[in-house]
Amino acid sequence: MAAALSPDLPPEVLSKLIVVDMSPARGPISDEFKTYLKAMKEIEHKRVKSRKEADDVLQAYEPDVSVRQFLLTNLDRAPTGATPHQKFRIPLDILDKGIDGIGDFPYEPDHRKWEGKTLFVKGSKSKYINRRNIPIAKEYFPNMEMITLEAGHWVHAEQPVEFVNRVSEFILQP
């Protein structure tokens, strides 16, 4: 979203925008994400050797198996001789340092606007797109449409077929 709103973005670079279960609003990052980061750091600290061991650690932080499986997709499954334990592909130390800033948004709606076609995909069980921030999204993206899929925040992981179908339809629209 921030890239689409950037005054430095050449107009021919972006023809459509797809936003998945997030809004262009400022706010603190949810505690659940900090908890996930803590769990992932513990997994690395314990130097687990299998996804099963990693999942065992994660269960103490997250009861939902589908969320755990999604988080573990970032776990490097193939330990090497130099690193016999499993490690996350994403740099947890960098994420940890910047997590409080993830809820920031660099623009005010009355200062920036992107007129291109925009699709917002909302998870029905998620709070990230809600009645308070939908009007703000419309200010930034006046040509937006929104669809809601039966899912939580990780819409693409929970409803992969419907997600791909709906996004593909949007992309193929003239």
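Under the definition of Cα pairs under 8 Å and six or more residues apart, what whole-number percent is the relative contact order of the chain? Write down the numbers at each step before the final one.
Numbers: 227 pairs, mean separation 50.5, N = 174.
Answer for the chain is 29 percent.
Using amide H atoms built 1.01 Å from N in the peptide plane, name the residues 5+ places from PHE120, or on other chains, whose amide H lies under 5 Å from its own.
VAL19, GLU145, MET146, ILE147
Over the heavy atoms of THR148, what accessible area does a 1.4 Å probe trace out, to the nearest 10 Å²?
80
Which percent of the accessible heavy-atom area of the chain goes to carbon and sulfur, probe 1.4 angstrom?
Working: 5680 of 10450 Å².
Carbon-and-sulfur percentage of accessible area, whole number: 54.
Over the Cα atoms of the range 78-174, what is the Rg over Rh ratio if Rh follows Kirkwood?
Values: Rg = 17.9 Å, Rh = 16.5 Å.
Reported Rg/Rh, Kirkwood definition of Rh: 1.09.
Report the FRET efficiency, 1/(1 + (r/R0)^6), for VAL65 and HIS111, where r is their Cβ-Cβ distance and R0 is 35 Å, rounded to 0.05.
On the way: r = 43 Å, r/R0 = 1.23.
The calculated FRET efficiency here is 0.20.
In square angstrom, rounded to the nearest 10, how much accessible surface does LYS38 have for a 1.4 Å probe?
Roll a 1.4 Å probe over it and LYS38 shows about 130 Å².
Full-extension gain between ASN130 and GLU150, please, as 0.36 nm times their residue separation minus the C-alpha to C-alpha distance. The partial results should precede the final answer.
Working: separation 20, 0.36 × 20 = 7.20 nm, distance 1.48 nm.
Computed gain between ASN130 and GLU150 is 5.7 nm.
Roughly what percent of Cα-Cα pairs across the range 19-78 reach past 18 Å? Can you show the working numbers first?
Details: 670 of 1770 pairs.
Summing the P(r) of the range 19-78 above 18 Å gives 38 percent of all pairs.
Determine the per residue accessible area of the chain with all protein chains present and a 1.4 angstrom probe, expressed in square angstrom.
Details: 10450 Å² over 174 residues.
For the chain, the per-residue accessible area is 60 Å².
Find the eigenvalues of the gyration tensor of the Cα atoms of the chain, then list the square roots of 5 times those eigenvalues as equivalent ellipsoid semi-axes, largest first, in whole angstrom. Before the final figure, lay out each step's value.
On the way: eigenvalues 222, 66, 53 Å².
After scaling each eigenvalue by five and taking roots: 33, 18, 16 Å.
The values are calculated or read from the model by the stated rules, or taken from the named source; none is laboratory data. The model shown is predicted, which means the values in this text are computed figures rather than measured ones. Counting neighbours? That spans all protein chains shown, and the Cβs are built from the backbone with ideal geometry, glycine included. Areas reflect the complete protein model, heavy atoms only, side chains present, ligands, DNA and RNA absent. Shrake-Rupley method; radii C 1.70, N 1.55, O 1.52, S 1.80 Å.
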